[in-house]
1. Restricting the search to region 303-326, which residues are touching a Phe, Trp or Tyr at 6+ places or on another chain (Cβ under 8 Å) and either in contact (Cβ under 8 Å) with a residue 12 or more places away in the chain or not assigned by TED's automatic domain parsing to the domain that holds Leu366 (or both)?
2. Note down all Cβ pairs under 9 Å where the first residue falls in region 51-72 and is free of Cβ contacts under 8 Å to residues at least 12 places away in the same chain and in a loop (DSSP other than H, G, I, E, B), the second is among the small types (Gly, Ala, Ser) and crowded, with 22+ Cβ neighbours inside 10 Å, and they're at least six residues apart or on different chains.
3. Can you pull out the residues in region 480-513 that are β-branched (Val, Ile, Thr) and under 20 Å from Glu545 (Cα atoms)?
4. Confirm whether Ala559 is surrounded by 16 or more Cβ atoms within 10 Å (Cβ to Cβ), in a helix (DSSP H, G or I) and out of contact with any Pro (no Cβ under 8 Å at 6 or more places or on another chain).
5. From Arg199, Arg205, which residue is among the basic types (Lys, Arg), more than 29 Å from Ala130 (Cβ to Cβ) and within 26 Å of the chain's Cα centre (by Cα)?
6. Out of all the residues in region 510-519, which are surrounded by fewer than 22 Cβ atoms within 10 Å (Cβ to Cβ) and touching a residue at least 24 places away in the same chain (Cβ under 8 Å)?
Amino acid sequence: MPLLTRCKYHVLCMALGSAGILLNGCANSPSTISVADDTQNTPAVVLDEADHGCSYFYFLWGRTAELSGKNEEALEAYEKALICDPSAELIVRRIPLLLARLHRTDEAVARLMEYLDKHPRDIEPRMVLAKILLGKKQFKHAAAEYRKIHEIAPQDVTPLLLLSELYLADGKTKQALVTLDEALDADSQSYSGQVLMARLLASKRDFGKAEHHYQEALAINWSASLQLELAEVILQQKKYDKAITLYKDLLNRDEFNEDARIALVHVYLQQNREKAALEELNRLKKITHRPGQVDLTIARLYARKKEYKKAIAILSDIVDTEKQDNAEIRYMLAILHFQLEQYKEALFNVQAITPENEEYEDAIILQVRTLRELGKNEQAIALLESVLEQEKSRTPEMFVLLATMYQLNNQQQQGRKTLVRGVDTYPDNFKLLYEYGLFLDYNGEHQQAIDVMQKVIQLKPEHAAALNFVGYSWADQKIHLENAFEYIQRAARLKPKNGYIQDSLGWIYYRLGKLKEAVTTLEQAANLADDDPAILDHLGDVYLELGRSKDALKAYQKALHQYDDEQNIKRLTEKIRILEQQDIH
């Protein structure tokens, strides 16, 4: 049986041989392969040594394909390389990675397990295995691999850090903390370990310990971003002066750090140190590549200080500099002019805002308010009608605003029609329905108002104002008292500090004969809303029922001075006259 060189059976070797290039394993030395006689069709049999040249060629081919993102081609080349040299460990390691990228994770795990059975102390493939298991959400098995890696190389805390992150991903915070403690015991100079521990403790709001680990990490490797992170943790504890010290230290190291200056401005504003904030903003303006944004912040700060003219001057300069309309700035200018009662200037700016701008709806509302101040109600109504004609720009709030304008213009029927149009357009908008209910109640259509408010409650069961409206209405009419009590209790739970809802609760207690609870609740309501004469009126009734005539008289007298409608003034005056005639003084 003749012996042939291996090159005869590899296209690569044939090509290279024809070019006069020889690779190891393709030389003209006797082959180690016994091949069959062609005439007998007997298969060839590999007897011994690996073909390193062939393997290296396919490895380079595979690596090039891998770097080009051609993972299928790379895998095929690596498999061929292994045929040439089954002991090529580098290729054995790369194949599982490619399988994982191709989402053939079960095959990848099988290959790695097979390799690790033969090389149990090889760390790199075990790390790859753990990563793949983690991707498959096999947290327990991945954790076991990280533990094995740490046992093999106890001086390396990387597997412990990865294990702690695994525990965090699995929602096991306690195990993550224990593992991080173990890692830092092994290497207290682990920057990653200190940072991860600091962040974990901060997330648990254990700020004192978190600060310690941040400081340790900064001592190992200082960075501006980490110091900013520490300062934010300190701010969460409202330790403003300590945070300022950190920001200033950072700026001493890097005076051009915009994030630190912006954060410093924020802290000063939280402390109401507006002068210091302005000084810092002016420093920021000199170093930033966004001076317009800094000017905008300075203008807002002046507006906050009610120095409207200074704010207007800055914003006007921005508009002149940019040479184009900026809707946000135009809206701010309009508001500032409105505050100064410079209504024509306010209109000029607000009218520059178009439907494409985010501020358009707010701009329309401000324009309507401005026109009202100028006594141009008809113009405001015409504006709103034109807006509502455009489907893209109309909103439920626009219908409410237009109805209000009609009411102010003594056009009740037009107001009603507008709200009906709105409800027809937005039948499930609870805000619009609530306003419609209030309109009906104002016009004496009380039962219809209750019906609408009940629909509001159907759409939004936790609508405190609607619950209070229906509950109080029933209590006042002495009907459905148990249901009224339930509605008002729900409203009170939603808004416990609302004096008007507390008044309703006190009144339903009164209707149910629970006078002790009624007087306590109404006294609380009077403290919460001391400008509402109806609450004092109710309180007087309960005092009177309890036989506390002097207290009732005081409550009625105080309410009388607050009422401004003739009917209530007349009714309460008569109550006071009767009590005074009883000579209760």
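1. If we filter region 303-326 for residues that are touching a Phe, Trp or Tyr at 6+ places or on another chain (Cβ under 8 Å), which is where we start, we get 308, 310-311, 314.
Answer for region 303-326, where residues must be touching a Phe, Trp or Tyr at 6+ places or on another chain (Cβ under 8 Å) and either in contact (Cβ under 8 Å) with a residue 12 or more places away in the chain or not assigned by TED's automatic domain parsing to the domain that holds Leu366 (or both): Tyr308, Ala311, Ile314.
2. Note: pairs meeting the criteria are Ser68/Ala74.
3. Restricting attention to region 480-513, the residues satisfying the condition of being β-branched (Val, Ile, Thr) are 488, 501, 508.
Listed by number, the list holds a single entry, Ile508.
4. Numbers: surrounded by 16 or more Cβ atoms within 10 Å (Cβ to Cβ): yes; in a helix (DSSP H, G or I): yes; out of contact with any Pro (no Cβ under 8 Å at 6 or more places or on another chain): no.
Here the answer is no, as Ala559 does not meet what is asked.
5. Details: Arg199 fails: more than 29 Å from Ala130 (Cβ to Cβ).
The conditions single out Arg205.
6. Tyr510, Arg511, Leu512, Leu515, Val519, listed by residue number.
Listed here are the residues, each with its yes/no results for (1) crowded, with 17+ Cβ neighbours inside 10 Å; (2) among the hydrophobic types (A, V, I, L, M, F, W, C); (3) closer than 30 Å to Asn483 by Cβ; (4) in contact (Cβ under 8 Å) with a residue 12 or more places away in the chain.
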| position | (1), (2), (3), (4) |
| --- | --- |
| Ile508 | yes, yes, yes, yes |
| Thr521 | yes, no, yes, yes |
| Ala525 | yes, yes, yes, yes |
| Pro533 | yes, no, yes, yes |
| His538 | yes, no, yes, yes |
| Gly547 | no, no, no, no |
| Glu566 | no, no, no, no |
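One line per residue, one yes/no per condition, for (1) in the same structural domain as Asp362 (by TED's automatic domain parsing); (2) surrounded by 14 or more Cβ atoms within 10 Å (Cβ to Cβ); (3) of a type in the set (A, V, I, L, M, F, W, C); (4) closer than 30 Å to Ala382 by Cα:
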residue	(1), (2), (3), (4)
Gln412	no, yes, no, yes
Asp441	no, yes, no, yes
Gln448	no, yes, no, yes
Pro461	no, no, no, no
Leu467	no, yes, yes, no
Ala484	no, yes, yes, no
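The values are calculated or read from the model by the stated rules, or taken from the named source; none is laboratory data. Not measured: the values here are computed from a predicted model. In this analysis, Cβ positions are derived from the backbone assuming ideal geometry, glycine residues included, and neighbour counts consider all displayed protein chains.
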